[in-house]
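Enquirer: Here it is, the structure, as structure tokens.
Since every read-out is calculated from the coordinates, none of them should be taken as a lab result. Because the structure is a prediction, the values reported are computed rather than measured. Backbone-built Cβ (ideal geometry, glycine too); neighbour counts: all protein chains shown.
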């Protein structure tokens, strides 16, 4: 599928579901599925973790509750300050779909237990509260919500459809009843605390910019991609379906556009119609197209995220998702400010401070809407959803180039409710003579958060031009940092994002207070 047809297909899919063509709409509510570790304790089967709380439990790679209620939609800029409780059923029968790495020593005993079709009186299950949390929610994990929600599943039987060349094995855990073991609430409303800023340098000049572009650093030539990734086909959908069943479904969908135009699209193309965007390892890896050239970023970072989005139509710099996000930002969903203080203009070198802030005012555009206007004044936000993510970082200016010290953690709001957190991050900016700034931020990003963002609905897979199993396996190959403290799995991918902005101002009194104080925002570094 080429980029043009990908866009058309995506817009058609959105129209079909009557949610409009704006990518500003993002699913919210409690997540019923995630890519990332969860743990099952089965009597008589040895655990797969060498240490830690779940050392005698079996680790799984992805999960979803098959009977969870559908999620609802939320408008941009309405992210709740909330931490959700579990999406698991509170009582009664249900089913849980899991995927297990086939290299796991628990594979054979679990398959033996499954094929014997004996009922297991009780198993215990633990899912990550953070990974299960919807991406639209803001605020830190509260102390009274456990790191893992734990359950007892009663009267369990297993099913285990086999796909020989899949990297992971699917298991469906069917239970007659469920008990919540360590949490019985529905979640918790939060009041995010403003991060604290260290006082900034004020001995030199201070310059402020309103950010007009924040996008993955994947602006590469078309020649870098021998071909583009594409979404699943009808052949992919029917690949694992028994021939008689496939024939009946083809006949039923004749004249209706086929399975790609059904409400769920081809998501349920796994064995036994399991969802391959929620369990992306349970089918054969279809492969993934990545750029054929290595493109060093302006800051010299080996941008591993380029392998994921560089040849994916909707995720490229001029792709539908990227352009829609930028338009949302420019239309007023979020206004990010970058402020550089302590500039010694005479020497064009020396120590500076770089602050990342958010404003309550939208950008101002020209009459045609094509350009963001310079030199407007922006009031700094007092909304705790944003003030919690203010940041001030020490940096150094040398011949017009500003490079910051490493940042333990920094979070950016991109206007579509996907807050992007980078770890061990650095920023680099170049101030231009025309009053603009060009820069880049790079650091380790949790690839599971990106996979869980792209994977929940059929619209991204079909419309952006990728297959969830291919993307999932590409992420796992590219992951090179952030080892999980419990499992040792590499959860981080080195990523780089481009930042562009135009000159702006803050109200003088507010600027003086922000430069001098430590209280209205900014994580202390």
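Enquirer: Of 223, 511, 461, 61, how do they rank once you tally other Cβ atoms within 10 Å and put the fewest first?
Expert: The most exposed by this proxy come first: 223, 511, 61, 461.
Enquirer: Separate question: How high is the FRET efficiency between residue 251 and residue 272 when r is their beta carbon distance and R₀ equals 25 Å, given to the nearest 0.05?
Expert: My answer for the efficiency is 0.75.
Enquirer: Mind pulling the angle between the C-alpha long axis of helix 243-253 and the longest principal axis of the chain? Nearest 10 degrees, somewhere in 0 to 90.
Expert: 60 degrees
Enquirer: Moving on to the next point. How far is it, in nm, from the label point at residue 177 to the one at residue 115 when both lie 7 Å from their Cα along the line to the Cβ?
Expert: Going by the 7 Å Cα→Cβ label model, 3.3 nm.
Enquirer: What full-extension length gain, to one decimal in nm, is calculated for residue 93 and residue 405 as 0.36 nm per residue of separation minus the Cα-Cα distance?
Expert: Here the answer is 107.0 nm.
Enquirer: How large is the helix-only mean residue ellipticity at 222 nm for the chain, computed as the sum of -39500 (n - 2.57) over DSSP H runs with n ≥ 4, divided by its residue count, in deg cm²/dmol to the nearest 500?
Expert: -5000 deg cm²/dmol
Enquirer: In what order do 253, 306 fall by count of nearby beta-carbon atoms within 10 Å, going from fewest to most?
Expert: 253, 306
Enquirer: Next question, about the same structure. So for region 357-409, Kirkwood radius off the Cα pairs, Stokes-Einstein at 25 °C and 0.890 mPa s: how many µm² s⁻¹?
Expert: D = 175 µm²/s.
Enquirer: log₁₀ I(q)/I(0) of region 151-216 at q = 0.13, 0.14, 0.19, 0.25 Å⁻¹, via Debye over equal Cα point scatterers, no solvent, to two decimals?
Expert: -0.78, -0.80, -1.01, -1.14
Enquirer: Within a 10 angstrom radius of the beta carbon, how do 243, 159 rank from fewest other beta carbons to most?
Expert: 243, 159
Enquirer: In percent, what relative contact order does the chain have, based on Cα pairs under 8 Å that are 6 or more apart in sequence?
Expert: 19 percent
Enquirer: Above 32 angstrom, tally the Cα pairs of the chain and express them as a % of all pairs, no decimals.
Expert: Tail of P(r) above 32 Å: 46 percent of Cα pairs.
Enquirer: Something else: Within region 156-200, list the residues whose amide N lies under 16 Å from a label point set 7 Å along Cα→Cβ of residue 516.
Expert: Answer for region 156-200: 197-200.
Enquirer: Given the Cα-Cα distance of residue 233 and residue 302 and 0.36 nm per residue of separation, how much length would full extension add, in nm?
Expert: Roughly 21.6 nm would be gained on extension.
Enquirer: Ranked highest first by average number of other Cβ atoms within 10 Å, how do 439-448, 333-342, 419-428 line up?
Expert: Ranking, from highest mean packing down: 439-448, 333-342, 419-428.
Enquirer: Can you give me the convex hull volume of the Cα atoms of region 390-518, divided per residue and expressed in Å³?
Expert: 167 Å³
Enquirer: So for the pair residue 331, residue 366, with labels modelled 7 Å out along Cα→Cβ, what separation do we get in nm?
Expert: Result: 2.1 nm between the two label points.
Enquirer: Considering all alpha-carbon pairs of region 31-189, what whole percent are spaced by more than 18 angstrom?
Expert: Cα-Cα pairs of region 31-189 separated by over 18 Å account for 59 percent.
Enquirer: Grab the Cα-Cα distance for residue 375 and residue 144, subtract it from 0.36 nm times how many residues apart they are, and report the gain in nm with one decimal.
Expert: Length gained between residue 375 and residue 144: 78.6 nm.
Enquirer: Once the Cβ-Cβ distance between residue 477 and residue 53 is put in as r, and R0 is 30 Å, what FRET efficiency do you end up with, to the nearest 0.05?
Expert: Result of the calculation: an efficiency of 0.55.
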